[in-house]
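For reference, the structure is listed below as structure tokens.
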Amino acid sequence: MKLVVSFYGMCLCVLDKRNSATASRATVLLLNGAAPPSTARRALVRPEMPYHHPLLFVPTRHADLARSTWSSLPTPEALVDTEGLLKGPHAAWSLAGLDLTLGRGKGVTLHQHYADDDLDNGRLPDPKTTSDSRAYVDWRRIPDLNRIAPGARLRAGYTKIGPRVLGMVRVANGELRGGAPKNADGNSAPWRFSDTFDQVITDRFEFHTELRGADLVATGYASGRKQSIRLRGGASTTVRLTVVHEATPFDVKADDAARLARPMVGGVAPAPDLPHYLAFYDAIEGRGVDRLNPPLRSGPGPDGPRRSIVTPNCPPALI
């Protein structure tokens, strides 16, 4: 069975043993937005964020609920699908506490839409229009922490499910692609992340892979018991899965209200936006990481440079 798995939200994609066009495997970490900020980042400590719900959506026509041991959630679309990612009826399952593996052992290829001679000193060309979806399929559209902070590496606390990682999706074979951004207005201009990375980005990515058999099997929940979702379809069927990892509108409003109620520190009011990239920077260590700030638009806005990550845009990153 063929799978196309799309990711949106606070997802950190870790590529093992990658080179210019391949990796031995990929692990998508679903970060805990409610985890306390890391004390290791002294230069800029991020405020707390609302809990993000890690949900896996499957089209109802492909979900065999009667033969699934993993309990689905009621009315999930109303919970987190604020960006209209889902088309048609879906069933959803929580990935909190679970480790889901897709595919077996061939390695992951990294889809490149642009040739090296099309690049401007390593930067991808800017899309001519926001409707040019092909301009975003290159995997290099996904903000890359290795380019943002050269030499950065993942902190030890992020290698397993725990206080900082709610769940994991491992992809053992297939192809990684960028995806057309849901927030085209927020991602159609270049963003400056650091002195080494500045370009138009995407807020989604996807894996094209194969599933042996018809079951999605996850481990790690309820004392190690395996949880399975039986999919409907034959070997040639393509099933599109969607992982959405964002906060509910209610949680965002409650967080905003709590933030505004806190006293100002040093005469500075709490920032109104969700500093997602500071959560990604919390996950890495290495030379220069402490000096990283939230990304800014490359060009000035009406009031000067603006932060890139504002409610409700939840971007991914990779390392």
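The values are calculated or read from the model by the stated rules, or taken from the named source; none is laboratory data. Given the structure is predicted, the values throughout are model-derived calculations rather than measurements. As a convention, Cβ positions derive from the backbone with ideal geometry for all residues, glycine included, and neighbour counts pool all protein chains shown.
Key figures
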| read-out | value |
| --- | --- |
| Test: residue in the range 223-235 that is under 16 Å from Ser68 (Cα atoms), modelled with pLDDT of 90 or more and charged (D, E, K, R) | yes |
| Residue within the range 214-227 that is surrounded by 14 or more Cβ atoms within 10 Å (Cβ to Cβ), assigned to a loop (DSSP other than H, G, I, E, B) and not hydroxyl-bearing (Ser, Thr, Tyr) present | yes |
| Listing of strands (runs of 3 or more DSSP E) fully contained in the range 1-78 that carry 1 or more residues being out of contact with any Gly (no Cβ under 6 Å at 6 or more places or on another chain), surrounded by fewer than 17 Cβ atoms within 10 Å (Cβ to Cβ) and modelled with pLDDT of 90 or more | 2-9, 11-16 |
| Subset of the range 118-146 (residues that are more than 19 Å from the chain's Cα centre (by Cα), acidic (Asp, Glu) and in a loop (DSSP other than H, G, I, E, B)) | Asp126, Asp132 |
| Scan of the range 139-187 for residues that are farther than 17 Å from Val4 by Cβ and of a type in the set (Val, Ile, Thr), ordered by number | Ile148, Thr159, Ile161, Val165 |
